[in-house]
Amino acid sequence: MSPSPFPVRIAMWSGPRNISTAMMRSWGNRSDAVVVDEPFYAFYLKSTGKNHPGANEIVAKCETDASKIIQGLIGPIPQSQKGSGARIFYQKQMTHHLLPQVDREWLGAVKNCFLIRHPAEVITSYIKKNADPDVEDLGFRQQAEIFDSIYVHNGIAPPVIDARDVLQNPERILRLLCHAAGVEFDEAMLSWPAGPRETDGVWAKHWYEEVHKSTSFQPYKSKDTVVPERLRDVYERCLEYYDRLYALRLH
């Protein structure tokens with residue numbers, strides 16, 4: 001794919017308990033990129049009343065008007081992070097935050113990419129914070145819905161990457177992703193300084209402890225991913241969505 005005209009706005013759609021924050025670190029370490037962390041999170045919490053860690057603080061401190069959020073995502077690239085040199089606006093997006101009432105027209109103004117992870121790994125990680133998630137909490141259905149709408153509109157499948165593939169060979173998958181997004185790969189994406197960032201959401205203190213310690217994508221390790229019997233139906237439903245996107249992944 002030939003390089004895209006700049007600026008490039010990349011919306012990376014992921015569910016929870018993925019490597020989405022590490023991926024944000026990767027893109028944020030580029031000298032030509034700025035990032036935004038889950039811009040619809042406060043809107044989602046205010047709209048649904050979900051009892052997430054730090055929910056009141058998130059709603060109080062972050063934008064909750066979906067139309068204003070969208071204007072920020074498709075408007076001029078924020079330059080406060082890196083002066084005037086930013087040409088790429090990387091948007092870490094959670095699929096379940098894009099509620100049905102949010103207009104989808106703006107998706108045509110960004111390059112939509114999809115980060116998937118096997119639902120067994122997602123569920124066994126998620127239940128450490130929330131013991132009884134439902135399908136809507138895990139984002140697989142919404143991810144497939146967003147993917148399908150982009151596929152139908154553009155007539156071509158948008159880029160999909162799988163977390164395990166990234167961890168097993170970060171450079172190869174990031175090169176494929178950059179090519180699909182129409183930007184040059186940058187080796188700065190392979191490592192980054194430890195610690196928090198000003199661009200981290202106010203929820204970072206609840207969720208980002210391990211990411212703050214990291215300096216690169218951690219090698220993939222097989223884990224105990226036995227899904228509790230009470231969540232078998234949720235798992236099977238999520239697996240159907242995951243398998244469909246997995247078959248189309250870059251690898």
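The values are calculated or read from the model by the stated rules, or taken from the named source; none is laboratory data. All of these numbers come straight from a predicted model, not from anything done at the bench. Ideal geometry is used to build each Cβ from the backbone, glycine not excepted, and the neighbour counts take in all protein chains shown.
Taken together, Q93, Q101, Q142 contain a single residue that is surrounded by fewer than 22 Cβ atoms within 10 Å (Cβ to Cβ) and either touching a strand residue (DSSP E or B) at 6+ places or on another chain (Cβ under 6 Å) or not in a helix (DSSP H, G or I) (or both), which is Q101. Restricted to the range 118-135, and to residues that are at pLDDT 95 or above and under 17 Å from the mean Cα position of the chain (by Cα), which residue is nearest to R249 (Cα to Cα)? Checking each candidate, the answer is H118. Candidates in the range 166-203 are the residues that are without any contact (Cβ under 8 Å) to a residue 24 or more places away in the chain and under 29 Å from A109 (Cα atoms); of these, the one that is surrounded by the fewest Cβ atoms within 10 Å (Cβ to Cβ) is E187.
When the criteria are applied in full, R30 fails the requirement of being outside any loop (DSSP other than H, G, I, E, B), modelled with pLDDT of 95 or more and of a type in the set (D, E, K, R).
When the residues of the range 51-79 are filtered to those that are touching a strand residue (DSSP E or B) at 6+ places or on another chain (Cβ under 8 Å) and assigned to a loop (DSSP other than H, G, I, E, B), the one that is modelled with the lowest pLDDT is Q79. For the condition of a type in the set (D, E, K, R), touching a His at 6+ places or on another chain (Cβ under 8 Å), part of a helix (DSSP H, G or I) and closer than 20 Å to F40 by Cα, E136 qualifies. Quick check, is W203 in contact with a Gly (Cβ under 8 Å, 6 or more places away or on another chain) and either under 21 Å from I127 (Cβ atoms) or aliphatic (A, V, I, L, M) (or both)? When the stated conditions are applied, W203 passes them.
When the residues of the range 1-24 are filtered to those that are modelled with pLDDT of 95 or more and of a type in the set (G, A, S), the one that is nearest to R141 (Cα to Cα) is G15. Do we find a residue being closer than 27 Å to S31 by Cβ, touching a Leu at 6+ places or on another chain (Cβ under 7 Å) and surrounded by 12 or more Cβ atoms within 10 Å (Cβ to Cβ) anywhere in the range 48-65? Within the range 48-65, not a single residue is closer than 27 Å to S31 by Cβ, touching a Leu at 6+ places or on another chain (Cβ under 7 Å) and surrounded by 12 or more Cβ atoms within 10 Å (Cβ to Cβ).
Do we have R30 as among the basic types (K, R) and in contact with a helix residue (DSSP H, G or I) (Cβ under 7 Å, 6 or more places away or on another chain) here? Answer is yes for this residue. When you look at V227, is it surrounded by 18 or more Cβ atoms within 10 Å (Cβ to Cβ) and out of contact with any helix residue (DSSP H, G or I) (no Cβ under 8 Å at 6 or more places or on another chain), yes or no? No; evaluated as a whole, the condition is false for this residue.
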